[in-house]
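Quick notes on the structure that follows.
The values are calculated or read from the model by the stated rules, or taken from the named source; none is laboratory data. Values in this document were obtained by computation on a predicted structure and should not be read as measured data. We place every Cβ from the backbone using ideal geometry, glycine too, and count neighbours over all the protein chains shown. The accessibility values were calculated without ligands, DNA or RNA, using every heavy atom of the protein model including side chains. Shrake-Rupley method; radii C 1.70, N 1.55, O 1.52, S 1.80 Å.
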Amino acid sequence: RAKAEGRGVHRFFEPAMDVAMQARRGVELDLGTALAEQQFALAFQPFLDLSGNRITGFEALLRWHHPVRGVVSPAAFVPIAEETGMIVPLGEWVLRQACREAARWPKAVRVSVNLSPVQFRGAALDATVIAALREAELDPHRLELEITEGVLLQDSEATLAILHRLKRLGVRIAMDDFGTGYSSLGYLRAFPFDKIKIDRAFVADLAVRPDAVAIVRAVTTLADSLGMTTTAEGVETEEQLAHLREAGCTEVQGYLISRPVPADAVAPMLRAGDGGVEPTRPSVP
Ligand code: C2E
Ligand code: MG
Ligand code: MG
Ligand code: MG
């Protein structure tokens, strides 16, 4: 019967077209117009430097304010945007927006931007970064790009060339989610990262598994000897913080310090100055 209705008619499969698939298709369609309709915003989450107890930067985290669904998490739409290629214009928007915001902050702290492996396909990424910096008149040293192992997995020669060009501009490169992939140590030899972000999975285990303490210590020691700094992600408790201080971690980030905040909450946080960071902030889901 499906055949009689011709090619491209998927009647036969309709019962199997479940709710999840339809929801995914809905997201895909909505993503197509979301950028033009200005439904995206950036939230910012600070890094706290442990030696000076100071905010030394903010990570830009993408938020989609969907007219019907409300705030959609990047975990739900970034993979779809990567499949459709939409991540390229969207990622460019994030870069430009993050640089523009950072240029207006009352202190010259860093801004960190997450990059998708897809943005490295084609050679235009460094041109996009340069354009974003120029347009915002932001010092390249204030921009940090976070990449995951997925970036180095693909066409690594071309990717490394782009990363080296960016680094020569003064842009910092961080390895995100360190420890969750397959051959993290190999990647550390492949490129001179400025910073390693220790994945939140290890941080979460700090209070409950002695081996997590050993792993975090090993990573900070290794980073040190390679001339890289470390940032622990997802710090939620004082106990975790104490372990991280002891392990010699450079910076921490997580709900204990601050949740991601809307763009207009950054300046007041920076002006609050050197007296540490208040833990309670307006939260962005
Ligand atoms: P990520 O870069 O590893 O970002 C850290 C994630 O952990 C963020 O989730 C952040 O809100 C969350 N987080 C921070 N502190 C804590 C904590 O103490 N506890 C817990 N449980 N979570 C914490 P978010 O904003 O939902 O982003 C998820 C992922 O989506 C990011 O992981 C990143 O991989 C991706 N992403 C976000 N923004 C962008 C973007 O602009 N471009 C691309 N390509 N990916 C992005
Ligand atoms: Mg990140
Ligand atoms: Mg991360
Ligand atoms: Mg992550």
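General observations
- Most positive-pole-ward Cα, LEU143, GLY273, HIS66, against dipole of the chain from beta carbon charges: HIS66
- Where the alpha-carbon atoms of the range 40-141 are placed on the principal axes, they occupy 42, 33, 23 Å, in descending order.
- Think of a 1.4 Å ball rolled over the protein heavy atoms: the chain then has 51 Å² of accessible area per residue.
- Carbon plus sulfur fraction of accessible area for the range 143-238, probe 1.4 Å, in percent: 54 percent
- Zone residues, the range 107-141, relative to THR84, backbone N less than 18 Å from point 7 Å out along Cα-to-Cβ: 116-119
- Maximal additional length on extending the ARG165-VAL71 stretch stands at 30.3 nm, based on 0.36 nm per residue less the C-alpha distance.
- Using only side-chain charges placed at the Cβ, +1 for Lys and Arg and -1 for Asp and Glu, the dipole size of the range 54-169 relative to its Cα centre rounds to 500 debye.
- Three-way shape label, the range 124-164, alpha-carbon gyration tensor, a/c 1.5: prolate
- Share of carbon and sulfur in the accessible heavy-atom surface of the range 52-122 [1.4 Å probe, %]: 54 percent
- For the chain, the 222 nm mean residue ellipticity estimated from helices alone, with every DSSP H stretch of n ≥ 4 adding -39500 (n - 2.57) and the total spread over all residues, rounds to -12500 deg cm²/dmol.
- Distance-filtered residues of the range 59-90 - backbone nitrogen under 14 Å, label point 7 angstrom along GLU37 Cα→Cβ: 64-72
- Most simply put, the chain has about 45% antiparallel DSSP beta bridges, counting only bridges with both residues inside it.
- Note on LYS197: aspartates and glutamates with a C-alpha under 16 Å away, same-chain residues under 8 apart excluded, are ASP49, GLU59, GLU144, GLU146, GLU149, ASP176, ASP177, ASP205, ASP224, GLU233, GLU236, GLU251.
- Rg/Rh (Cα only; Kirkwood hydrodynamic radius) as it applies to the chain: 1.01
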